[in-house]
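*Asks:* The following block contains the structure, expressed as structure tokens.
The values are calculated or read from the model by the stated rules, or taken from the named source; none is laboratory data. None of these values were measured; they are calculated from a predicted model. Note that we place each Cβ from the backbone using ideal geometry, even for glycine, and neighbour counts take in every protein chain shown.
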Amino acid sequence: MQVITSRTYGTSDVVHVEEIDTPVPRNGEVLIHNYATVVSRAESTARSGKDLFARLYFGLGTPRFPVLGTGFAGEVQAVGSAVTRYRVGDQVMGSTGPTLGAHAEYVTVSENGIIAMRPGGLLSTDAVAVLDGALTALPFLRDAAELKAGQSILINGASGAVGTAAVQLAKHFGAIVTAVCSTTNLELVKSLGADKVIDYTAEDFTEIGQDYDVVFDAVAKSSYTRSRKLLKPGGIYLTTVPSLPILMWVLVTRIFGKTRAGIAFTGLRKAQPMALDVKFMGDLAASGHYVPVIDRTYNLKEAASAHAHVESGHKKGSVVLALHDHGG
């Protein structure tokens, strides 16, 4: 099978397509013919090796996981012994989790892993775009922020994969949404349901003189110290990227102050709750209540170009890799 690898850290030029053996499912595993995956900002960061926190997980010297990628959508090709939940031909979607490896034509996952049936009518390319941002945004908003109907939230970076997911999920939960993005993405974010949109190229959102129950920094471009004046008493600032300052503020605000800082390591959650989130998001998208936002779709041989586009910082929603010409 063909896989997309980055065996050294560096620019998008280190991304290559290689041929390796197709894996064989072990006891309790399913082998999935993978039709689509995504290149996310997290994977671009992992590939570049520039971020110290990322290197602590992905490998200090050389990459621990030369085949990146987490999201998959495809068809069960084979099952290991004792598998009872899935059978050959099932259309599935999910995530390979912290061990990665989804940038491949075939992936193996435990039947009790982060996997669910893909609803009929939901294309594989749409399915991976749904999971790309939502598996991060959903636990941040639902669990870390405990966002409720009628509460107010400001989402910084509202046009990326996590941001577009956060806008739609916040509205699904009944919140009042203020979204921050660039001029070119204002209409897109409005179309996703944002109640108010701020153009960060024209206005500093931290100086708007309003307060919120939640500030969700989906792109980690602000900070708790800059954003805390936007928070109501008891409000919380959340960011997606770990750093020493945010970890310090998480500890400090648990004890002192009227507002809180928080971070969630969404990719390290247990498989069962993540699988439930996969099913929830698949059903939400299939019902038309969630719209996957796809910026560009590349084929397998264009993986380096996909990485370059993600690294440019100008993508809207998700960058999808179509690994197979199957229409599903």
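*Asks:* Please give the helices (runs of 4 or more DSSP H) falling wholly within region 237-328 in which 3 or more residues are modelled with pLDDT of 95 or more and more than 19 Å from the chain's Cα centre (by Cα).
*Replies:* 244-255
*Asks:* Return the residue satisfying two criteria in turn: it lies in region 94-108 and is buried (at least 24 other Cβ atoms within 10 Å of the Cβ) and in contact with a Pro (Cβ under 9 Å, 6 or more places away or on another chain), and of such residues it is farthest from GLY74 (Cα to Cα).
*Replies:* Among those residues, the one meeting the criterion is ALA104.
*Asks:* Aliphatic (A, V, I, L, M), touching a residue at least 60 places away in the same chain (Cβ under 8 Å) and buried (at least 19 other Cβ atoms within 10 Å of the Cβ) - does that describe any residue in region 196-213?
*Replies:* No, region 196-213 contains no residue that is aliphatic (A, V, I, L, M), touching a residue at least 60 places away in the same chain (Cβ under 8 Å) and buried (at least 19 other Cβ atoms within 10 Å of the Cβ).
*Asks:* Going by the structure shown, is SER152 hydroxyl-bearing (Ser, Thr, Tyr), crowded, with 22+ Cβ neighbours inside 10 Å and modelled with pLDDT of 95 or more?
*Replies:* Numbers: hydroxyl-bearing (Ser, Thr, Tyr): yes; crowded, with 22+ Cβ neighbours inside 10 Å: no; modelled with pLDDT of 95 or more: yes.
The answer is no for SER152.
*Asks:* Follow-up question, since we're still on this one. Within the set of pairs 6 or more residues apart or between chains, which connect a residue that is charged (D, E, K, R) inside region 119-133 to a residue that is part of a helix (DSSP H, G or I) with Cβ atoms less than 7 Å apart?
*Replies:* So the pair list comes out as ASP126/ALA285; ASP132/ALA161.
*Asks:* I've got another one for you. Can you name the number of the only condition in (1) under 20 Å from GLY313 (Cα atoms); (2) aliphatic (A, V, I, L, M); (3) in a helix (DSSP H, G or I) that LEU56 fails?
*Replies:* All conditions pass for LEU56, except number (1).
*Asks:* To continue, here is another question. Can you name the number of the only condition in (1) of a type outside the set (D, E, K, R); (2) in contact (Cβ under 8 Å) with a residue 60 or more places away in the chain; (3) under 20 Å from VAL167 (Cα atoms) that SER243 fails?
*Replies:* The failed condition is (3).
*Asks:* For residues in region 192-220 being of a type outside the set (A, V, I, L, M, F, W, C) and under 20 Å from the mean Cα position of the chain (by Cα), which is nearest to ALA261 (Cα to Cα)?
*Replies:* Going through the qualifying residues, I end up with ASP217.
*Asks:* Restrict the check to region 68-83 and report whether at least one residue is acidic (Asp, Glu) and not in a loop (DSSP other than H, G, I, E, B).
*Replies:* yes
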